[in-house]
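So the structure is just underneath, and the comments pick up after that.
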Amino acid sequence: MAVTTTQLIQWKQEKRPIVALTAWDYCFAQLLDEAGVDLILVGDSLGMVALGYETTLPVTLEQMLHHTAAVCRGVKRALVVCDLPFLSYQQNISHAINSAGRVLKETGAQAVKVEGGNPIVAQIVSQLTTFGIPVMGHVGLTPQSVHKIGYKQQGNNPQDAEKIFNEAIALVQAGVFAIILEHIPSELAKKITERIPIPTIGIGAGNFCDGQVLVTADLLGLTEKQPPFANPYVNLRQIITQTVQTYASQIREL
């Protein structure tokens, strides 16, 4: 049975941990789905993992539509959520509705994700959910704001922690079905998780969240530079390199 947004909320109530990973193509999506992952995020991190950009900022809506459609073709059970990339939803509400609507119409994804929880974003989220578009929130370290906040841990002082907490509350009130908490102190993540009725999905936010997500390339050791909170479960980069070298050597010896 396919995972739904309401099921994720029910799992929070049942204290059943939610397993999430990212995907950017059909092959990885199929593997993750068959392995039993609950939620597959087509993150704009694909800009760095699959497209070679230095940040997520250059990723376009068209690129997200292309990759999300490929992911959806490989998924039978997991809930697929598509990141709305930089400047695809922040300009105005009508632009956001058009971008999010295209994701649902053209890809097969069941929801979209937006970054931040300031009043403008919260208002946009409220409008999207009013139109029946499920939205996942994202607070803490928000990569689309990299030039303002960098990649360092967020919420380390009382003022910043309160700001992140208030953003999470605003997103809940706007109607999100879940919130990603990225690279914040575990105690702050615990406070948010305990205070809101929807699931929190942590990435570098400790073990108190309702679920966890990682960039799959980080999980598998495929990336050159690992974020400080990602511990690879295997070094596929080394395995693949050695395998290809073995193949190349055999071919050259024929």
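Values computed for the structure shown
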read-out: Over 24 Å [Cα-Cα, the chain], rounded percent; value: 45 percent
read-out: Between helix 236-252 and the chain: long-axis angle, C-alpha atoms, 0 to 90°, nearest 10; value: 20 degrees
read-out: Cα-derived Rg to Rh of the range 1-152, Kirkwood definition; value: 0.95
read-out: Neighbourhood net charge (15 Å Cβ-Cβ; Lys/Arg +1, Asp/Glu -1) for residue 6; value: -1
read-out: Partners for residue 163 among lysines (Cα-Cα distance below 30 Å; same-chain residues under 8 apart left out); value: 12, 15, 113, 148, 152, 190, 191, 225
read-out: Cβ-based exposure ranking for 48, 136, in which fewest neighbours within 10 Å come first; value: 48, 136
read-out: Cβ-derived FRET efficiency at R0 30 Å, residue 237 paired with residue 145, nearest 0.05; value: 0.60
read-out: Estimated 222 nm signal from helices in the chain, with DSSP H stretches of n ≥ 4 weighted -39500 (n - 2.57), rounded to 500; value: -13500 deg cm²/dmol
read-out: 24, 11 arranged by Cβ crowding within 10 Å, fewest neighbours leading; value: 11, 24
read-out: Most mobile of 173, 242, 30 in a GNM of the chain (Cα contacts under 10 Å); value: 242
read-out: Dimensionless Rg/Rh of the range 56-132 - Kirkwood Rh, Rg from C-alpha atoms; value: 0.96
read-out: Within-14-Å neighbourhood charge of residue 149 [Cβ basis; K, R +1; D, E -1]; value: -1
read-out: Proxy reagent accessibility, fewest Cβ within 10 Å first, across 19, 234; value: 234, 19
read-out: Inter-label distance for residue 35 and residue 152, nm, one decimal - labels placed 7 Å from Cα along Cα-to-Cβ; value: 3.3 nm
read-out: All-pairs alpha carbon distance profile, the range 127-254, 5 Å steps from 0, percent; value: 2, 10, 16, 18, 15, 11, 8, 5, 4, 4, 3, 2, 1, 0
read-out: The chain: relative contact order as a whole-number percent, Cα under 8 Å and 6+ apart; value: 17 percent
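The numbers here are math on the coordinates, done by the rules we state, and not lab data. Small disclaimer: the values here were computed from a predicted structure and weren't measured. Here the Cβ is made from the backbone with ideal geometry for all residues, glycine too, and neighbour counts use every protein chain on show.
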